[in-house]
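First comes the structure, then the notes that go with it.
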Amino acid sequence: AAFFALGQARVTGRPSVLLCTSGTAAAHYLPAIIEAGAAFVPLIVLTADRPTELQDCAAPQTIDQTKIFGGQVRRFFDLGMPDASSDALRAVRRMASQAAFASLWPTPGAVHINARARKPLEPREPDSDEARDLRSRARAIGAAVVELPRAPEVTPNGDSIRDIAALCKTATRGVIVCGPANASQALDRDAIFSLATATGFPIACEATSQLRFARAPADVITLDSLDLLYRSPAFRAKADPDLVIHVGAPVVSTGWDRCMATSHATHVVLAEHGWNDPHGAMSRLVFASPSKSARAIAEAVGRANDKTKALENWRGFITRANHAAWEVIESDLATTKQDLNEGGIVRAVVSGLAAEELLVIGNSLPVRHLDTFCRQGSSLATVLSQRGASGIDGLVAGAAGAATKSFAAVTLLLGDVSLLHDLTSLQVARSSKISLVIVVIQNHGGRIFEQLPLAAVRDLEPDVMRLTTTPQAIDLSFAAKLFDVRWERTTRADELSAALERAHKTPGCTLIEAVVGEHSSAEQSRRLWKAMDEKIAAEFSGRA
C-alpha cells in the first residue's frame with residue numbers, strides 16, 4: 001500500500017493518503033516513508049491507534065505509535081483522544097491542512113498523523129440530542145473549505161549566480177552532469193539545454209534525469225555514455241573537467257564517482273532540496289528550482305557565440321569519445337543480436353515506448369543497463385526511478401500505483417530478486433485499467449555483486465558468492481497463475497519484441513520473463529569496459 005501510494009505521488013506530485021490499523025501495520029510503511037523522504041516525494045500516513053488507557057497493559061494490537069517513524073517523516077501530528085468540542089473538531093481540520101502542506105513544503109516527504117479512538121469504532125446513527133448536535137457540528141466544520149497556503153517562490157541568490165557565471169566564462173573543460181530527477185522535473189529540460197547553449201558545456205545526462213529521453217537542440221553536445229567512458233582509466237586521465245555543474249541528485253554512475261573521487265574540478269550543485277555532495281567536493285550550492293538556477297546562470301553568461309579554442313577542443317574531444325563509446329556498445333550488441341542479454345532487453349523495452357508512456361526502472365542492474373545501452377533521444381518516455389534510498393523494495397506496487405494516475409501505458413523493468421521481494425503486489429497490479437507491462441530480467445539472482453570488488457577476491461569461499469547473489473529457483477508461471485496475470489517467457493530477442501508488442505496492446509497486467517545466462521551481465525560489462533579502455537588508449541593521445 002505504501003509503495004502504491006508512493007507510485008501515485010511520483011506521477012502527480014501530490015500526496016496520496018495511507019490508512020492503516022493500529023499495531024505493527026504502521027511499521028510496514030517504513031521503507032516507503034524512507035524513500036519518500038530521500039526522494040522528496042509527498043505522502044500522508046494516517047495511522048489508527050488504541051486509546052491512551054490501553055497503552056502498556058498488554059491490550060491486543062497496541063504498541064507505542066508516538067513518532068514511530070522517527071526522523072523519517074517531515075512532521076508528526078497526534079490528534080489526541082476524541083473530543084466533542086467545536087474547538088477540538090476545528091483543530092482536527094487545521095491539523096489535516098497543516099499535514100497536507102507539510103508534505104509539500106518546505107521539503108516534500110512523508111507526514112504522519114496518529115488518530116486514537118475508543119470502541120465502538122463502527123459508524124452508527126446518533127441516538128441522543130447530544131449525539132445529533134455533535135454530528136451536525138462535525139459536518140458543518142468538515143464542509144468548510146480550507147485552502148492550503150501557496151508555497152513561496154524561491155529564487156536563486158543573485159550573488160551566487162553571478163559567481164557561477166564568472167566561473168563558466170573562464171572554464172575550458174566544463175560539463176553539466178544531470179542525475180536522477182522526479183517526473184515533474186521534465187519541465188526543467190529547456191532550462192538545462194539553455195545553460196548548455198550559453199556555456200558551450202556538454203551535458204552528461206543519466207537515463208533517470210528526465211533529459212536522456214528528450215530531443216536536445218542541435219548546438220548542445222550530449223555525453224550519453226557517461227558511465228562507460230569514465231570507467232575507463234585511460235579516459236579519466238584525459239578528460240578530467242575543470243568545472244562541474246551538477247543538476248539534481250547524485251548520479252548512479254560508478255565511473256563518474258571514480259572521476260570525482262580524485263578530481264580537482266570546481267564543483268557547483270543546483271538543487272531544490274538536499275545537500276547533494278557525497279564526495280565532499282562541492283564548492284558552491286544553489287538552493288532553488290534547477291530550472292530557475294540554470295536560466296539565471298545562462299542569462300548571466302550570455303550566449304557563447306565566440307567559444308575559445310580550448311573549449312572547442314574540449315567539445316570536439318567529448319563528441320569523438322562519446323561516438324567511440326557507442327561504437328563499442330553497438331559492436332558488442334551486434335555479436336549477440338538474437339540471443340537475449342541485458343543490453344538487448346533494455347533496448348527492446350525502451351524502443352517499444354511511446355512518448356506519453358511511463359518507464360519505471362528497478363534498481364541494482366536494470367537502472368545501470370538503462371543508462372549504458374540507451375542513447376539520447378531513443379525514446380520520449382518519462383522515467384520513474386527509486387533512487388532516493390536506492391532500494392529494491394516495492395517496485396511492483398509503485399508501478400501499479402503509477403498506473404492509476406497515468407493516461408498511457410506503464411512499463412516496469414526490474415530484476416528477478418526485486419520481483420520476488422514484492423511478488424504479492426501482483427495482486428494490485430492485475431487490477432490495472434491500462435496496459436501495465438512488467439519485464440523481469442531473469443538471471444537467477446542479484447548479479448550486480450559479480451561486478452563488485454568482492455567477486456575478484458582470490459580464494460573466496462564458494463558459499464560467499466552464492467549467499468551474496470541469492471540465486472533463486474522460482475517458476476514465475478505459477479506466480480502469474482496465482483495472481484491471474486498474463487505471463488510470457490522469452491529466451492530470444494525476437495520473442496521479447498513480439499511479447500512487448502502484444503502486452504502494450506492489451507489492457508491489464510502482463511508479466512514478461514526475459515531469461516538470460518546467470519553470468520551474462522558480468523561478462524558483457526567486462527567486455528565493454530576492456531574494449532572501451534583499449535579504444536581510448538589507442539585512438540586518443542594526450543589530454544583533451
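The values are calculated or read from the model by the stated rules, or taken from the named source; none is laboratory data. Note that this is a predicted model, so its numbers are computed, not measured. Reconstructed Cβ throughout: ideal geometry from the backbone, glycine too, with neighbour counts over all protein chains shown. Note: areas computed on protein heavy atoms with side chains; ligands, DNA, RNA excluded. Shrake-Rupley method; radii C 1.70, N 1.55, O 1.52, S 1.80 Å.
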(1) outside any helix (DSSP H, G or I); (2) open to solvent by 20 Å² or more (accessible area, probe 1.4 Å): which one isn't true of Arg162, the others all being true?
-> (1)
Applying the selection to the stretch 351-407, what residues are hydroxyl-bearing (Ser, Thr, Tyr) and closer than 26 Å to His323 by Cβ?
-> Ser351, Thr372, Ser378, Ser379
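Looking at the stretch 473-482 only, could you name the residues that are surrounded by fewer than 18 Cβ atoms within 10 Å (Cβ to Cβ) and outside any loop (DSSP other than H, G, I, E, B)? Before the answer, list the steps.
Within the stretch 473-482, the subset surrounded by fewer than 18 Cβ atoms within 10 Å (Cβ to Cβ) is 473-475, 477-478, 481-482.
Of everything in the stretch 473-482, those that are surrounded by fewer than 18 Cβ atoms within 10 Å (Cβ to Cβ) and outside any loop (DSSP other than H, G, I, E, B) turn out to be Ser477, Phe478, Lys481, Leu482.
Every residue, every condition in (1) within 30 Å of the chain's Cα centre (by Cα); (2) under 15 Å from Leu243 (Cα atoms); (3) open to solvent by 30 Å² or more (accessible area, probe 1.4 Å); (4) modelled with pLDDT under 95, yes or no:
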{"residue": "Thr254", "(1), (2), (3), (4)": "yes, no, yes, yes"}
{"residue": "Thr266", "(1), (2), (3), (4)": "yes, yes, yes, no"}
{"residue": "Gly280", "(1), (2), (3), (4)": "yes, no, yes, yes"}
{"residue": "Ser293", "(1), (2), (3), (4)": "yes, no, no, no"}
{"residue": "Gly302", "(1), (2), (3), (4)": "no, no, no, yes"}
{"residue": "Lys309", "(1), (2), (3), (4)": "no, no, yes, yes"}
Could you please find all residues in the stretch 348-370 being charged (D, E, K, R) and at pLDDT 95 or above?
-> Arg368
How many residues, within the stretch 453-478, are farther than 30 Å from Leu426 by Cα and among the aliphatic types (A, V, I, L, M)?
-> 6
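In this structure, is Leu6 in contact (Cβ under 8 Å) with a residue 40 or more places away in the chain and open to solvent by less than 50 Å² (accessible area, probe 1.4 Å)? Even if it seems obvious, please write down each step before you answer.
Values: in contact (Cβ under 8 Å) with a residue 40 or more places away in the chain: yes; open to solvent by less than 50 Å² (accessible area, probe 1.4 Å): yes.
In short, yes.
Which of the following residues is in contact with a strand residue (DSSP E or B) (Cβ under 7 Å, 6 or more places away or on another chain), among the β-branched types (Val, Ile, Thr) and surrounded by fewer than 20 Cβ atoms within 10 Å (Cβ to Cβ): Val45, Val17?
On the way: Val45 fails: surrounded by fewer than 20 Cβ atoms within 10 Å (Cβ to Cβ).
Criteria check complete, one pass: Val17.
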Of all residues in the stretch 90-118 being in contact with a Gly (Cβ under 8 Å, 6 or more places away or on another chain) and open to solvent by 20 Å² or more (accessible area, probe 1.4 Å), which is farthest from Ile33 (Cα to Cα)?
-> Arg93
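Tell me the residue from Ala191, Ala216, Ala183 that is over 21 Å from Ile318 (Cα atoms), under 25 Å from the mean Cα position of the chain (by Cα) and modelled with pLDDT under 95, please.
Values: Ala191 fails: modelled with pLDDT under 95; Ala216 fails: over 21 Å from Ile318 (Cα atoms).
Step by step, each of Ala191, Ala216, Ala183 is checked, and only Ala183 is over 21 Å from Ile318 (Cα atoms), under 25 Å from the mean Cα position of the chain (by Cα) and modelled with pLDDT under 95.
Mind listing whichever residues of the stretch 464-495 are among the basic types (Lys, Arg) and without any contact (Cβ under 8 Å) to a residue 60 or more places away in the chain?
At the first step, the residues of the stretch 464-495 found to be among the basic types (Lys, Arg) are 466, 481, 486, 489, 492.
Of everything in the stretch 464-495, those that are among the basic types (Lys, Arg) and without any contact (Cβ under 8 Å) to a residue 60 or more places away in the chain turn out to be Arg466, Lys481, Arg486, Arg489.
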